[in-house]
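Heads up: the structure comes next, in C-alpha cells.
The values are calculated or read from the model by the stated rules, or taken from the named source; none is laboratory data. Quantities reported herein were computed from a predicted structural model and do not represent experimental measurements. Using ideal geometry, Cβ is built from the backbone for each residue, glycine included, and neighbour counts are taken over all protein chains shown. Ligands, DNA and RNA are excluded from the accessible area calculation, which covers all protein heavy atoms including side chains. Shrake-Rupley method; radii C 1.70, N 1.55, O 1.52, S 1.80 Å.
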Amino acid sequence: MANSLHTLPNPSRLGFRYQFPGADSASDTAFGSISFPSRLPAPSLKSVQYTKKVKPVMAGHVSDNVSVDISLSPRVNSVKPSKTVAITDQATALVQAGVPVIRLAAGEPDFDTPAPIVEAGINAIRDGYTRYTPNAGTLEVRQAICHKLKEENGISYTPDQILVSNGAKQSILQAVVAVCSPGDEVIIPAPFWVSYPEMARLADATPVILPTSIEANFLLDPKLLEAKITEKSRLLILCSPSNPTGSVYPKELLEKIAEIVAKHPRLLVLSDEIYEHIIYAPATHTSFASLPGMWERTLTVNGFSKAFAMTGWRLGYIAGPKHFVSACGKIQSQSTSGASSISQKAAVAALGMGYAGGEAVATMVKAFRERRDYLVKSFGELAGVKISEPQGAFYLFLDFSSYYGAEAEGFGVINNSESLCRYLLEKGQVALVPGDAFGDDTCIRISYAESLSILQDAVERIKKALEAVRPAVPV
C-alpha cells in the first residue's frame, strides 16, 4: 500500500476538532474520543420548559427583562438525528482538515448523471423552464411515471394517482404523516433505513421493530409479522432491494406477506423501491402493489437518485390510490409545493432512456456487482466475519460481533458497532456506519458506491487496523 497507516497524518496533530450532535464536553470533540450521536431521552408528555432572559430593544426604549420559552415540541425531542448524515459530515470535515479518510458511509453513487439527463436539465434552463410547476408535478412527468410503472412493474396508475416530490424521502414522510394517527403502529423490519422509525415518531405513531437474521438474509419472517399485528397496526414498511442489507424479497415471500396483510383492513403497505434497478441476477424485483389485492392498500415510493445517479437533483414520487395520494399532496402544498421544474424535465429524459434505465444504468449496475463481489471475497477472508451476500443496492451489512469484547492497544475495548466504527475511523481512517443506527448492533454498513480502487485501499486499511485485534469470541 502506498500510504501505510503509520504514515497517515494524525488528526490530533492537525488540531482537528469535530463535535457530533449531543457532544457535551471538550473530550467529545477530540478525534481520539469522538462518539456518535447517542439516543435522545424519551420525551415526556409535556415538553420541558426552558426560559431565557432577554432584553428586547424597542425604538427609543429598553424594557425590563422578560422570559422567553425556548422549549421544543415533544415530537421533535422524540426524533434522533441521522447517524448516517452525522458520520458523513464528520468524514467530510476530516478530509477538509487534511486527513485522508475514505468515506464509505453515504449512499450516493460515484457516477455522474447520464448525459441525456444532464442535457435535458441544461436545456430546461436555457428554454426558461424555471417557473413553478403544479403541486403534484407536471403532467408530462407524471404520464412518464405512469408508463414506467405499467411497463416495468405491472401496476397501472393515472396521473392523478402520482405525486412528485423533492426526493423519495419527502414522499415517504408525507405518506407516513398522511395515513397515521397518534397511537398508530408502524411495522418496520430490522435492519431498516435510519429514517423510517423517526418518520413514524414525527407522525406521533409508534415504530414496531421486527428483527430479522443474517442467516435468513435479513428477510422478514411472515409468522413473526402475523404475531405482531394488532388493531393499532396502520402501516408496514418494506424496502426491496434493502438499505442497509442489499437483500431482495423474492416474489414467493412477498405473496405470503400479502396474504397476511389482506386479513387486516386497517393495515397499509409502504413499498420503498428506490433501489429497484440496482439488482443482481438471478434476483428479480417485484412491486408489492402488483400482487393480488394489494394495489388498493399499497403506497409505492420510488425516485431517480440511486439508479440514475441524480442524488442532487432531489426528485422522487409516490403512486397509490387517489385518496391517499391526494392527502400527501395536501401536505406538500402547505410545505414545499411542487418539485424543481428543471429536475422534472430531467426525469422525463431519464425515463426515456429505455427499460430499467437502458445501457447507462446497466453499466453502473455491472460496476456495482464487480465491487460487491470483491468485497464479499475480501471480507470472507477475515476470521469471525459473517456475510449475507447482497442481491441488490450497493451496501454490505457485515456481522463483526465476534470482535466485540476485544481490546485494541491505544484505543480500549471494542464493545459494539459504534466503538468498532470509531476504531476503524481512528486507526484505519475509513468512515463506516454502525449497525445500531439501522437496528442491528451486530453489524456495520459499508457503502460500495465508490470506485474499485478506493474500495481496495479501504479493505487494506481495515484489515491492517484489525490485525491488532483478535476476535473475542472463538470462531
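Answer rounded, prolate or oblate for region 240-386, using the Cα gyration tensor with square roots of eigenvalues a ≥ b ≥ c: rounded when a/c is under 1.5, else prolate when a/b is larger than b/c, else oblate.
On the way: a/c = 2.08, a/b = 1.23, b/c = 1.69.
Verdict is oblate for region 240-386.
For region 349-363, just list the computed ³J(HN,Hα) in residue order, Karplus coefficients 6.51, -1.76 and 1.60, θ = phi - 60°, integers in Hz, with x standing in for Gly and Pro.
Karplus-based 3J(HN,Hα) across region 349-363 equals 5, 4, 6, x, 7, x, 4, 6, x, x, 5, 4, 5, 4, 5 Hz.
Give the cross-link partners of residue 232 among the lysines, using a straight C-alpha distance below 26 Å as the criterion and excluding same-chain residues fewer than 8 apart.
Within the straight-line limit of under 26 Å, residue 232 reaches these lysines: 46, 80, 169, 223, 256, 263, 322, 330.
Taking a quarter of the surface of the convex hull around the Cα atoms of region 231-302, what do you get in nm²? If you can, show how the numbers build up before the last one.
Working: hull surface 19.3 nm².
Approximately 4.8 nm², given one-decimal rounding.
Enumerate the whole-percent occupancy of each 10 Å bin, from 0 to the last occupied one, for all C-alpha pair distances of the chain.
Taking all Cα pairs of the chain, the binned fractions are 4, 18, 27, 26, 17, 6, 1, 0 percent.
May I ask you to derive the FRET efficiency for residue 126 and residue 95 from their Cβ-Cβ distance with R0 = 45 Å, giving the value to the nearest 0.05? Kindly include the intermediate steps, with their values, before the conclusion.
Numbers: r = 35 Å, r/R0 = 0.77.
Computed FRET efficiency for residue 126 and residue 95: 0.85.
Accessible area per residue, 1.4 Å probe, Å², for the chain: what's the number?
Details: 21210 Å² over 475 residues.
On a per-residue basis, the chain sits at 45 Å².
Measure up 345/377; 150/386; 251/345; 148/251 against 30 Å on the Cα-Cα distance and list the ones that go over.
Working: 345/377 41 Å; 150/386 39 Å; 251/345 33 Å; 148/251 20 Å.
Result: 345/377; 150/386; 251/345 exceed 30 Å.
Could you check how much of the accessible area of the chain is carbon and sulfur, as a whole percent, using a 1.4 Å probe?
53 percent
Take peptides 274-287, 390-403, 90-103 and line them up by average Cβ neighbours within 10 Å, highest first, as a rough protection proxy. Show your work: numbers first, answer last.
Numbers: 274-287: 18.9, 390-403: 25.0, 90-103: 17.4.
Those peptides, ordered most packed to least, come out 390-403, 274-287, 90-103.
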